[in-house]
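Here is the structure we will look at, set down as C-alpha cells.
Derivation of every value follows stated rules applied to the coordinates shown; laboratory data play no part. Being a predicted model, the structure only gives us computed values, none of them experimental. For neighbour counting, all protein chains shown are included, and Cβ atoms are generated from backbone atoms with ideal geometry for every residue, glycine included.
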Amino acid sequence: MVKKETNSIHVPDAPHRPGDEPKFDEWSYKPEDLELLRIDCSVEDAEKHANGLVRVLNDNHEAKGEWDPKLNSDELILGLEHMLRMRIFDERMMKMQRTGKLSFYMRSFGEEAVAIAQTMALKNEDWLFPTYRQPGAQFVRGRDMVSMICHCIGNEEDNVKGRQMPVHYTFREGRYISVSSPVGTQFSQAVGVALASKYKQLDEVTITWIGDGASAEGDYHYALNFASIFKAPVILNVVNNQWAISTHSNFASKNQNFAIRGIPYGIPSVRVDGNDFLALYSVTKWARERAGKDLGPTHIEVLTYRAGAHSSSDDPSRYRPKDSNSFWPGGDPIERLKLHLIGKNDWSEKLHEELEHRIDAEVMEAYKEAVKFGDLANGPYPSSDAIFTEVYEEPPWHLLEQWDEMKRWRDE
Amino acid sequence: MPNMNMVQSVNSALDNMLERDSDIVIFGEDVGYFGGVFRTSDGLQEKHGKHRVFDSPLSEGGIAATAFGMGINGLRPVVEIQFADYIFPAYDQIVNEMAKVRHRSGGEFWCPVTIRTPAGGGIRGGHHHSQSPESQFTHTPGLKVVYCSTPFNSKGLLISAIEDNDPVIFFEPKRCYRGPFYGDPHNVPTWKDHPEAEVPESYFKIPLGEARLAIEGDDCTVIAWGAMVHVAEQAIKESGISCDLLDLQTLVPWDKDAIVKSIEKTGRCVVVHEAPKTSGFGAEMVASIQERCFYHLESPIERVTGWDTPFPHTTEWDYMPSPSRIAEAIQKTQEE
C-alpha cells in the first residue's frame, strides 16, 4: 500500500470559538441594492436576490428601497408588541425552567421577527408548519398565553395532554400544525399540506421553516423537489441562524449561501435579513402573492443569528465566543424596529418601557392562571389515561388490555 | 362474480374508492400514466384524472411526507412504495410522524394514509425485491399493519384500510399477484377457478383485525400471512394432519379471539412467515399464545421462517419456508 503525503479528512472549523473575537463578514448590503421582483419573475430573475440580501431598514433605521412594504404605524407597533411579547415570555419561561418549574425550554431570542413578521404577512387561513423556533406565530394567530404555558408545564390543561416536551405546540384553531422533534420532517410534509389545499382549490398557502442545520436532512431536498415539480403553494424558509447546537452552518453548506440552493430546483429564491421586520414581511407577502396566484413555491433564506442557547440544556459558552450575538451585523430585530418607529415619531423609549411593563405583567398573570391547572412539581397532570388514548382513533384490544394493567398499578 | 387475480382486485378496490370519495388521491413511483410496475393502478389515471392518480419523484421519503401533509389537511392519500424493500427512506416519516401525529397533537391532527407495498419473495428478486419487513412496522404504536393473501381479501381489506382514519401499512405478497403460490416454483397456477378469486366488482369490506379461517381442522393450528398462507395450505395437505389454517390478514391489531379459540381446540401450533426469524412477528405470536393458552398447549409451538440472512437470488427456494419444512413442523407438534 502506497501512502500519499497528504492531510487527512478535511473537517471545517467554526469561524470563532470561545476566547476568540467574534468574526462576521461586514455587510455591504443596502436596501436600495435589490429591485422588487415581479411575482411572476423567472428563476433567473431571482438569482441576484438569492446571492444578495433583501433589506428595508438601513443603518439609520429608515425604511428604504423598493421592498418597503409601507406598513402603517399601527401594524408596525403590533409587530413590535408581538416580538416583545415573545421575548419577555421566553425570559419568564426560561426563569421558570431554571427554578424547576418547567422541564425544558427553548427561546426564540434574536429570531423573534421570523415567525411574527412572516405570519403577519399571511392570511389567517394559511397553514403554518413551524419548528420549535417559531412559537411567536401563535401570538399573531391569537393564542391564549395561558394555554401556551399550560402546554409547557404539561399540566391538566395542556392541549397535548402531557405527551410532548415543552415548546412542541399544537394549535389547530390558528392553523399552527403540531411541532415534532425530528428536525426537518415538517418541511416536506408542508408541501403535502399545500398540495391538499390546491387539490381542494382553496385559497390557502402553507408556510414552513427549517434550520440551517436541518437543511442537511433529506427532507429539505424532498421538499424542494416535490414543491417545484407539483408547483405547490408553499413558502419554504431556511432560517440560517448560524448554529445547529454547536455545529456551525458551514457543516450544512460549503458556500454558506442557503438561498441559492433553490435556484437549480427551479424555485425563485431570495435571501432576506431575518432581523429586519419590514424586509421579512415584504418578502413573505410577495411569496404569498406568488403562491396565491398559482405561481408555485418560493424558497427563502432568512439570515439571522441564534442569540441564545439552543435550549435550556445547552451551554453555548462551551463552543462559541460569549456574547457573539452582539457582534452580529444584523443587530437585534426588536431594537431595530423600535428605532425605526422612534425615528418616524411613532414611538418613544417611554412608550416602549411601558409596553414592556404591561407585557411582563401580562405574562406573570398568565403564568399564575396557568399554574392553577397544575405545576410541574405537584401537578395535577393530565390523566395518564392519555397514554392510551389517541394512539389510534379507537384503542384496539391490546391497548385496552395494557391500559387496564396500567390502571391496576396506578390506582392500587 | 367475476374472477380476478390480485392485480385486478387491488385495482378494483382503488377504482371503487376513487369513485366513492373525492378526497382520495393515489400517487407513487410509476403509478400514474403507466399504471404501476405490477399494473395495480392500470387505467385509473385515464379514468379518474391526472390530479387524482399520478406519478411521483423517486423519493420514498418525499412520498410519505407529502402523503402525511395531505392527510392532515383533509385528504385520504393512498400511496404506493414500489417494493417494501425501498420503504426505509420513508421510515422516519412513517414511524415518527404518521404513527404519532394524532397522539402528539392531542387529537387535533390525524393522518388517514394508506401505504400499499408489494412484499415478499419468490420472484427471484434477490436482496432488495424480496423482503418482508412487516415486523419493522408492527413494533410501532399508532400504525395498523395488514398483509393480504388472495384477490378477495386484498380488495376487502384494502377498502377497509383506505377508510380507516389511522395510517395503515398494507403489504401485498407480490408472488401471489397472478396466482396462489404453493411452494413449487416449477408449478405456479393462476387464480383461475380459485374460490378466493371470485371477487365482487362493487364495494365491499373485510374488517381490519379479523383473521380468516382458511382451512378448518382439529389437531394443529397453523398461523400464516401473505404468500405463506398458500404454502401452509400445501404443507397441511402433505402432512396428512387435520389443521386449522388461520390467515392472520391484519397483524396489528391481530385477531386474538380467533387464535385463542383455535389453539384451545387443537392444543398445538405452527407459525409461518417468510421474514427472518429473530424478532419476526412470529415471535410475538408465540409469546402471546403462551401467555394466553399455555395450559391448552400439548406441545411446543413451532416456528417456520426465513433465515436470519439477507434474501438470496437464485437460491431463494432454500430460503423461503417450503411445504416440506412446514409439514415437518406440523408433524413435530403431534409427537409430544
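Before moving on, here are some points about what is shown:
- Along each principal axis, taking the top coordinate minus the bottom one, the Cα set of the protein assembly as shown gives 95, 67, 62 Å in descending order.
- Normalised convex hull volume, region B:56-96, alpha-carbon set, Å³ per residue: 64 Å³
- GNM top mover of A:Lys368, A:Lys231, A:Lys285 - chain A, alpha-carbon springs below 10 Å: A:Lys368
- When both bridge partners sit in region A:43-381, DSSP labels roughly 20% of those beta bridges antiparallel.
- Of A:Glu289, A:Glu349, A:Glu390, the one that fluctuates the most in a GNM where chain A has Cα springs shorter than 10 Å: A:Glu390
- Distance between the modelled labels on B:Asp257 and A:Asn255, one decimal in nanometres: 6.4 nm (7 Å Cα→Cβ projection).
- FRET efficiency for A:Asp315 and A:Ser181, using Cβ-Cβ distance with R0 set to 25 Å, rounded to 0.05: 0.80
- Out-of-range pairs (alpha-carbon distance over 27 Å; input A:Lys200/A:Lys285; A:Lys30/A:Lys338; B:Lys155/B:Lys256; A:Lys198/B:Lys100; A:Lys70/A:Lys95; A:Lys30/A:Lys285): A:Lys70/A:Lys95
- Positive-end extreme of charge dipole, region A:263-386 - chosen from A:Leu341, A:Ala361, A:Leu351 (charges on Cβ): A:Leu341
- Residues in region A:199-216 reached by a label modelled at A:Lys123 [backbone nitrogen below 16 Å; 7 Å Cα→Cβ]: A:199-207
- Gain in span if fully extended, A:Ile9 to A:Glu156, counting 0.36 nm per residue against the direct Cα distance: 47.7 nm
- Sites B:Tyr91 and A:Arg17 - FRET efficiency at Förster radius 30 Å, r taken between beta-carbons, to 0.05: 0.25
- About its Cα centre, the dipole of region B:212-335 is roughly 140 debye, where the only charges are +1 on Lys and Arg Cβ and -1 on Asp and Glu Cβ.
- Nearest-ten-degree value, helix A:218-229 long axis tilted from longest Cα axis of chain A: 60 degrees
- Estimated distance in nm for a label pair at A:Leu78 and B:Glu198, the labels positioned 7 Å out from Cα along Cα-to-Cβ: 6.7 nm
- Residues of region B:207-221 with amide N under 14 Å of a point placed 7 Å along Cα→Cβ from B:Ser299: B:218-221
- Extending 7 Å from the Cα toward the beta-carbon at both B:Asp318 and B:Val188 defines two label points whose distance is 2.1 nm.
- For region B:67-126 versus region A:1-54, the spacing of their alpha-carbon centroids is 37 Å.
- Radius, Kirkwood style, for region A:370-412 when every pair of distinct Cα atoms is counted (Å): 11.8 Å
- Positive-pole candidate from A:Ala194, A:Ile116, A:Ile260, dipole of the protein assembly as shown, charges at beta carbon: A:Ile260
- Most fluctuating residue given options B:Gly121, B:Gly106, B:Gly267, as computed from a GNM of chain B linking Cα atoms under 10 Å: B:Gly106
- Taking Lys and Arg as +1 and Asp and Glu as -1, the other residues whose beta-carbon sits under 10 Å from that of B:Val229 total -2.
- Taking Cα atoms only, the orientation of helix B:228-239 departs from the longest principal axis of chain B by about 20 degrees.
- Label zone at B:Asn3, where the point sits 7 Å out along the Cα-to-Cβ direction: region B:182-201 residues whose backbone N lies under 13 Å: B:189-199
- Using Cβ point charges alone (K and R +1, D and E -1), the dipole size of the protein assembly as shown about the Cα centre works out to roughly 920 debye.
- Of every Cα-Cα pair in region B:158-307, the percent that sits beyond 27 Å: 23 percent
- Theoretical FRET efficiency, 1/(1+(r/R0)^6), r = Cβ-Cβ of A:Ser384 and B:Asn165, R0 22 Å, to 0.05: 0.35
- Among B:Thr138, A:Thr99, sorting on how many other beta-carbon atoms sit within 10 Å of each Cβ, with the fewest leading, yields A:Thr99, B:Thr138.
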